[in-house]
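Working notes, beginning with the structure itself.
The values are calculated or read from the model by the stated rules, or taken from the named source; none is laboratory data. The structure displayed is predicted, hence computed values, not measured ones. Cβ coordinates were reconstructed from backbone atoms using ideal geometry, including for glycine residues, and neighbour counts include every protein chain displayed.
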Amino acid sequence: MPIRWRLTLWFSLIVCAILVLSGIFIHTLLKNDLRSEVDDDLKIYSAKVHGTLHHEEVPDPLDYDVIHSNLAELPINEFALPGIYFQVIDQNGNVVTKSDNLGKQELPLDTALIERGFAGQVDIATVSAGEGADLRMMVSPLFIQDETLLLEVAQSLQHINDTMGQLQWILVISVIVALGVALVSGAVLARRALAPVERITATAETIEKSSDLGRRVGYTGPKDEIGHLAATFDHMIDHIDRVFKSQKDFVADASHDLRSPLTVFQGNLDLLKRNLNAEDRQESLDAMGREIEKMSAIVNDLLLLAEIESGPVNQDQAVNLKEILLEGLRQAQRSAGKNSVIEGTIEEISIKGNPHRISQLLANLIDNAIRYTPEEGTITLSLLRDGDWARLEIMDNGIGIPPEHLPHLFDRFYRVDRARSRAGSGTGLGLAIVKGIAEQHGGKVTLISEPGKGSTFTVWLKL
Ligand code: ADP
């Protein structure tokens, strides 16, 4: 069952339950209240009868006519105690006297109630008066001279029963109407509230069917839970879209970068099949060697990158950063040509991590610094402690990087300009590897660069 219907049903059921319970409560309360009012009236009336008889002189032996005339003068205000009947019976059940408003009728005789009355109890009960009518009746013994008579005081419950019956209908009808209103309004509200969820589902289905990651929910409603869900969904699709595009670019770049050396290789192979002189033959072989070198560099970098991106491995060895930096410095000095590679501030710092990866990171940065620094430039290596971080700085006064390239510099296969590299272009994977290794060690890489003045790459590693 759709959530919309479930919500509507629950909502309506709760409204219905509240109304039924409050209806029962009101009905019971009113009925008891009206009944107790009747009982109070009966008690007042009964007390007045008792008072009248005891204050009058009743002859001995008993003269029922005297009782009758006494009771006929009862000080009862008919407007204050309306529709109340009385009847006095003797022990044989004969009616001794009764109120004039009974006319020719008599109050019904309820044996159990009469027995309790003659046993000396004052009691009130509901008694059937035939044809579906009920009476509320109070019995009390009347001890006059040596005789015991029974006073019955009663009032019809007809008007209360009628009122309660009407109230019952009103309550049933209001519950039915409220249930209908709750069902309709609940359905409308639930539909409205869940409309964005349906939009999200529809967008997800369209994306799934058409593989079009350009679609978004574009929810503009209030920033509530649903708004949050819609925004999160759009952000997630943004992210997946970016990842997808970058994967696509990556495959395209990788294929392109591997195809170029293969084309050169194929061309030289074709040349070699012809009858070349020794010099041309050697040239083709050299060219093929260079392309193979390029290809293996790309494949090695790709493998390394895949390994780094597959997650942290063997990260808890002690890494003496100073040692690694000095080793990197020595190697760089050997391959720097006319550039000088010098020591900046180098502190004694060790971290936990993978020493091979850190060496690789450093080698990539030093290699770039040498490659993108014209002859007789200076590359300075520093290692400093900065709060909770170890700061590894590789500073050169080379060609620098134009600001528009900075945001993409760490992307795979991104190269600022193949032609400007002094010693031929690299794979374009070096900085992606540097970033991957730094992040694997819970760190980051920052860069300050100015075209024509040089660049400073700073690797931040958690101590
Ligand atoms: P590559 O293999 O092409 O060097 P990288 O990922 O290592 O690939 O570097 C990406 C680009 O960043 C390079 O093509 C180069 O243009 C630029 N770059 C990297 N380091 C420096 C540097 N120290 N000075 C100037 N440009 C640099």
Strands (runs of 3 or more DSSP E) wholly inside the stretch 357-463 containing at least 2 residues that are within 11 Å of the ligand (Cβ to nearest atom):
389-396, 444-450, 454-462
Give the residue, chosen from 381, 365, that is assigned by TED's automatic domain parsing to the domain that holds residue 436, among the hydrophobic types (A, V, I, L, M, F, W, C) and either under 18 Å from residue 450 (Cβ atoms) or touching a Lys or Arg at 6+ places or on another chain (Cβ under 6 Å) (or both).
365
Output the residue which, of all residues in the stretch 98-133 that are modelled with pLDDT under 90 and within 60 Å of the chain's Cα centre (by Cα), is farthest from residue 155 (Cα to Cα).
132
If the Cβ limit is 8 Å and pairs must be 6+ apart or interchain, which residue in the stretch 195-212 that is surrounded by 10 or more Cβ atoms within 10 Å (Cβ to Cβ) pairs with which residue that is of a type in the set (Asp, Glu) and modelled with pLDDT under 85?
206/212
If you check 160, 84, which single one turns out to be touching a Ser or Thr at 6+ places or on another chain (Cβ under 9 Å) and either within 25 Å of residue 37 (Cβ to Cβ) or small (Gly, Ala, Ser) (or both)?
84
Here is a list: 383, 303, 362, 329. Which entry is touching a Leu at 6+ places or on another chain (Cβ under 7 Å) and closer than 22 Å to residue 432 by Cβ?
362
May I ask you to say which residue of 224, 238 is within 16 Å of residue 196 (Cα to Cα) and either at pLDDT 90 or above or surrounded by fewer than 13 Cβ atoms within 10 Å (Cβ to Cβ) (or both)?
224
Please pick out the residue among 384, 285, 325, 365 that is crowded, with 18+ Cβ neighbours inside 10 Å, modelled with pLDDT of 90 or more and over 26 Å from residue 252 (Cα atoms).
325
Would you check if residue 324 is within 30 Å of residue 256 (Cα to Cα) and either part of a helix (DSSP H, G or I) or assigned by TED's automatic domain parsing to the domain that holds residue 382 (or both)?
no
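For (1) assigned by TED's automatic domain parsing to the domain that holds residue 53; (2) closer than 18 Å to residue 46 by Cβ; (3) outside any strand (DSSP E or B), each residue gets a yes or a no:
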{"position": "85", "(1), (2), (3)": "yes, yes, no"}
{"position": "120", "(1), (2), (3)": "yes, yes, yes"}
{"position": "127", "(1), (2), (3)": "yes, yes, no"}
{"position": "132", "(1), (2), (3)": "yes, no, yes"}
